[in-house]
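Structure record follows, encoded as structure tokens.
The values are calculated or read from the model by the stated rules, or taken from the named source; none is laboratory data. Please read these numbers as outputs of a predicted model, since none were measured by experiment. Cβ placement follows ideal geometry from the backbone for every residue including glycine, while neighbour counts extend to all protein chains displayed.
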């Protein structure tokens, strides 16, 4: 089991490191440029090319049912869910096979509105509650995966 972080612009890297250390789960920080990571045998970094979707492609190529992916990217979440991974957004909301369809549809509608020149604003600012919700969600996912792996 391991955690893959879609690290470019991820606001919860430090929180991920803390939860992963508590559960002794390795973390790979995937980005298009070098990002500082703490010195830890559990934390590594993977710098990919700056090609479009290079980080997403690497994450997908290294994902399976024992992987937890941290990303706000809805299309990456969809690709990882199809491989059986658990996916958590930085705001703590889990992406699931039942919720991903509506998230993709909403994304498409918003893109159409933006393309049509509508000013619709962006997502709400990242808040303290989001950070707290993320810590709980990640802990919950790891506990569930650790329990299921100990039964097999």
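Looking only at segment 92-112, residues that are part of a helix (DSSP H, G or I) and free of Cβ contacts under 8 Å to residues at least 24 places away in the same chain come to 9 in all.
A quick yes/no check of all residues on (1) surrounded by fewer than 17 Cβ atoms within 10 Å (Cβ to Cβ); (2) at pLDDT below 95; (3) touching a helix residue (DSSP H, G or I) at 6+ places or on another chain (Cβ under 8 Å); (4) under 21 Å from residue 19 (Cα atoms):
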{"residue": "43", "(1), (2), (3), (4)": "no, no, yes, yes"}
{"residue": "46", "(1), (2), (3), (4)": "yes, no, yes, yes"}
{"residue": "54", "(1), (2), (3), (4)": "yes, no, no, no"}
{"residue": "57", "(1), (2), (3), (4)": "yes, no, no, no"}
{"residue": "63", "(1), (2), (3), (4)": "no, no, yes, yes"}
{"residue": "75", "(1), (2), (3), (4)": "yes, yes, yes, no"}
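For segment 102-133, the candidate set comprises residues that are within 28 Å of residue 19 (Cβ to Cβ) and loosely packed, with under 11 Cβ neighbours inside 10 Å; within that set, the residue that is modelled with the highest pLDDT is 129.
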